[in-house]
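Scroll down for the structure; my scribbles are underneath it.
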Amino acid sequence: MAANQRERDILEAARNALRAEPQLGPDYSPQRLELQQDGALLVEGEVPGVAEKKRCLVRLGAIDGVAAIVDRLRVRPAQEMGDEQIRARLSRFFAQEPSFQSFGVRAMEYETTDPVYRQIFEPVVGTKTGTRGRIDIEVRDGVVTLNGHVPTLHDKRLAGVMAWWVPGVRDVIDGLTVEPGEEDGPVRIEEAVRSALEKDPYVDASQVRVGVRGREVRLTGELNSETLRDMAECDAWYVFGVNNVIDEIEVRP
């Protein structure tokens with residue numbers, strides 16, 4: 001009886017945590033919310049953007065009794081795109097990005113020869129055979145999964161940001177391993193946020209200052225429109241390991 005009551009208390013706390021997110025509101029209800037036997041909390045549903053997704057995960061992770069989060073929150077896409085379109089767009093991004101020219105980049109495609117159905121990885125045109133690392137791209141139901149190995153945390157984070165830049169993407173699962181291992185910290189996160197801003201063709205990164213404490217990013221500076229400020233904030237949220245973004249960029253047309 002006590003165990004059942006504890007489970008109900010945790011689930012109620014989880015619902016309240018989700019509803020406390022301003023962009024979701026007091027009536028928000030996930031499609032699925034379960035406490036598994038190992039203490040992991042499974043959450044499935046749709047949220048407006050990456051900021052809301054990450055804030056929700058932080059809120060849920062802080063609940064007493066939750067050992068881990070099984071994250072199935074998906075972001076409402078800015079544009080409806082099929083998996084093939086997403087895969088093609090992302091493959092083009094990687095082929096054009098100088099940082100990945102010496103990587104072996106492959107995209108998973110599906111081959112059907114009746115009655116055989118199989119998944120195959122095809123090399124992305126314009127990339128090498130993998131002298132520095134390997135990135136495998138899989139897209140299913142708008143969710144991009146990146147697997148393989150890269151030499152630095154910066155490479156891992158840049159790959160994840162580029163995946164989020166495709167407007168039809170609903171989530172990015174960054175499974176890239178860093179070989180050899182590299183110590184993480186605020187300096188590494190700051191480098192990745194600066195790089196994302198610099199590579200964003202729409203944002204003038206020279207006008208934005210970045211500060212990081214723990215896993216929280218603070219953006220200051222000036223941009224000439226609300227749209228550009230929102231883009232800069234999104235770039236920071238897209239970086240793997242960022243849990244919060246404080247956007248203090250001023251808009252001065």
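Checking each residue in the range 57-85 for being over 15 Å from the mean Cα position of the chain (by Cα) and more than 30 Å from GLU7 (Cβ to Cβ) picks out GLN79, GLU80, MET81, GLY82, ASP83, GLU84, GLN85. Within the range 26-39, the set of residues being assigned to a loop (DSSP other than H, G, I, E, B) and farther than 20 Å from ASN244 by Cβ comprises PRO26, ASP27, SER29, PRO30, GLN31, GLN36, GLN37, ASP38, GLY39.
For the criterion of being surrounded by fewer than 19 Cβ atoms within 10 Å (Cβ to Cβ), without any contact (Cβ under 8 Å) to a residue 40 or more places away in the chain and of a type outside the set (Phe, Trp, Tyr), GLN85 fails. With respect to the conditions (1) under 20 Å from the mean Cα position of the chain (by Cα); (2) without any contact (Cβ under 8 Å) to a residue 60 or more places away in the chain; (3) in the same structural domain as GLN101 (by TED's automatic domain parsing); (4) buried (at least 16 other Cβ atoms within 10 Å of the Cβ), GLY133 falls short on a single one, namely (1).
One line per residue, one yes/no per condition, for (1) outside the structural domain of VAL239 (by TED's automatic domain parsing); (2) in contact (Cβ under 8 Å) with a residue 12 or more places away in the chain; (3) touching a Phe, Trp or Tyr at 6+ places or on another chain (Cβ under 8 Å); (4) not acidic (Asp, Glu):
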position	(1), (2), (3), (4)
ALA51	yes, yes, yes, yes
CYS56	yes, yes, no, yes
ARG59	yes, yes, no, yes
ARG89	yes, yes, no, yes
GLU109	yes, yes, yes, no
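Look at GLY45 and say whether it is modelled with pLDDT of 95 or more and in contact with a strand residue (DSSP E or B) (Cβ under 9 Å, 6 or more places away or on another chain). Answer is yes for this residue. Just one of the listed residues (LEU41, LEU18) is touching a Cys at 6+ places or on another chain (Cβ under 7 Å) and surrounded by 18 or more Cβ atoms within 10 Å (Cβ to Cβ), namely LEU18.
For the range 10-36, a residue qualifies if it is free of Cβ contacts under 8 Å to residues at least 40 places away in the same chain, over 23 Å from the mean Cα position of the chain (by Cα) and within 14 Å of VAL66 (Cα to Cα), and the qualifying residues are LEU11, GLU12, LEU35, GLN36.
The values are calculated or read from the model by the stated rules, or taken from the named source; none is laboratory data. Remember, predicted model here, so these are calculated numbers, not experimental data. So basically every Cβ, Gly included, is an ideal-geometry build from the backbone, and we count neighbours across all protein chains shown.
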